[in-house]
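Have a look at the structure below before the remarks.
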Amino acid sequence: MVKILLVEDNEMKRDMLSRWLKRKGYEVFIAVDGQEGVNMATSESTSVILLDMSLPIMDGWKRRAI
């Protein structure tokens, strides 16, 4: 099964996207801010990361090696 990390701070978008992806058969991991997304990206083995670029704590524009 393909695993997707969804990093989204907007609850409505996060809920809609995660439900849609799960219906399509994907396993979805969710992070609600940039730092949590980085932590999950290093701890979970995912195939794809869907990232909101405007996030609290650490946005998607900062450069950081994972």
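From the residues in the range 24-36 that are surrounded by 17 or more Cβ atoms within 10 Å (Cβ to Cβ) and among the small types (Gly, Ala, Ser), which one is nearest to the chain's Cα centre (by Cα)? The qualifying residue nearest to the chain's Cα centre (by Cα) is Ala31.
Listed by first and then second residue, the pairs linking a residue in the range 1-24 that is closer than 21 Å to Ser43 by Cα to a residue that is assigned to a helix (DSSP H, G or I) and of a type in the set (D, E, K, R), with Cβ atoms under 6 Å apart and 6 or more places separating them unless they lie on different chains, are Glu8/Arg14.
Please work out which residue is nearest to Leu21 (Cα to Cα), limiting yourself to the range 37-49 and to residues that are touching a residue at least 12 places away in the same chain (Cβ under 8 Å) and surrounded by fewer than 15 Cβ atoms within 10 Å (Cβ to Cβ). Going through the qualifying residues, I end up with Val48.
Here, each number is a calculation from the coordinates, and none is a lab measurement. Source: prediction; values computed, not measured. Please note: Cβ atoms are built from the backbone with ideal geometry, for glycine as well, and neighbour counts cover all protein chains shown.
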